[in-house]
1. Ordered by residue, what ³J(HN,Hα) values in Hz, to whole numbers, does region 55-72 give under the Karplus form 6.51 cos²θ - 1.76 cosθ + 1.60, where θ = phi - 60° and Gly and Pro are x?
2. Out of all Cα-Cα pairs in region 46-107, roughly what percent, to the nearest whole number, are more than 20 Å apart?
3. Could you please rank LYS124, LYS89, placing first whichever residue has the fewest other Cβ atoms within 10 Å of its Cβ?
4. Can you list residues from other chains, or at least 5 along the same chain, whose modelled amide H is less than 5 Å from the amide H of ALA146?
5. Based on the alpha-carbon gyration tensor of region 35-161, what equivalent-ellipsoid semi-axes (square roots of 5 times the eigenvalues) come out, in whole Å, largest first?
6. First select every other residue whose beta carbon is under 14 angstrom from the beta carbon of PRO85; then total the charges, Lys and Arg +1, Asp and Glu -1.
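Coordinate-derived values only; no laboratory data. Predicted, not measured: the structure shown is a model, and the values here were computed from it. Every residue, glycine among them, receives a Cβ derived from its backbone with ideal geometry; neighbour counts consider all protein chains shown.
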Amino acid sequence: MLLESTTTPERLECFPNQNGNEDAEPTPMQQFHEQGRRIEELIERINALPDFGARKLLQDCLETMLAFQGRGLAQILDVVQDSGPEGQKVLERLVENQAVSALLLIHGLHPVDLATRLQHALDKVRPYMESHGGNVELLALENDFARLRLHGTCKSCPSSTVTMELAVRRAIEEFCPDLAGFEVEGGGQNSGLAGPPAEDVQNATARRS
């Protein structure tokens with residue numbers, strides 16, 4: 001399920017678009033999540049169909065398509081990884097692509113482990129936080145749940161903790177959609193982070209009424 005934000009619009013005003021443009025086009029990951037939400041809506045409509053035979057047929061179709069896609073991606077990775085140094089460069093470029101990275105996570109094929117991606121997410125948001133007099137530290141990662149500690153304050157914003165937690169949450173949502181959740185020491189707990197959209201597809205299609 002996608003991460004639900006409890007931050008009010010007023011608090012969001014102190015966290016401007018990091019590109020400096022509030023009207024910027026959605027990022028590939030945001031577009032991917034939006035498509036995931038649309039898939040979830042369609043699955044709910046499928047599960048609400050009164051005809052059991054029609055529900056099962058559509059669910060089986062979705063499961064088969066996902067399995068087919070996963071096998072294809074696995075074979076693509078095998079070819080890339082067997083192509084020597086040039087293949088490694090291609091693999092790095094694929095992993096850097098947010099949409100491709102999300103697909104690899106859905107099918108359990110991502111070559112970078114969760115701990116490494118989480119640290120990368122924190123490193124990416126750290127310059128923004130430091131510019132506001134803050135920082136973030138990873139205390140622990142256990143059972144796909146992270147404990148973090150925030151340092152400093154956001155001097156230009158009255159809701160400094162909310163501002164920095166939102167920055168961290170957005171970075172984690174981008175690089176670690178498979179993280180079960182995180183807790184900020186001295187702050188709140190954010191469970192149910194953005195899992196890959198099709199993970200919900202797989203779970204939903206596995207349900208039988």
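1. With coefficients 6.51, -1.76 and 1.60, one gets 4, 5, 4, 5, 5, 5, 4, 4, 4, 5, 5, 5, 5, 4, 4, x, 5, x Hz.
2. Values: 852 of 1891 pairs.
The proportion of pairs with Cα distances above 20 Å equals 45 percent.
3. Values: LYS124 15, LYS89 12.
Least crowded to most crowded, the residues run LYS89, LYS124.
4. Residues meeting the criterion, in which the H sits 1.01 Å from N, are GLY181, PHE182, GLU183.
5. Details: eigenvalues 268, 129, 30 Å².
Gyration-tensor ellipsoid for region 35-161: 37, 25, 12 Å.
6. Numbers: positive: LYS89, ARG93; negative: ASP82, GLU86, GLU92.
With Lys, Arg at +1 and Asp, Glu at -1, the net is -1.
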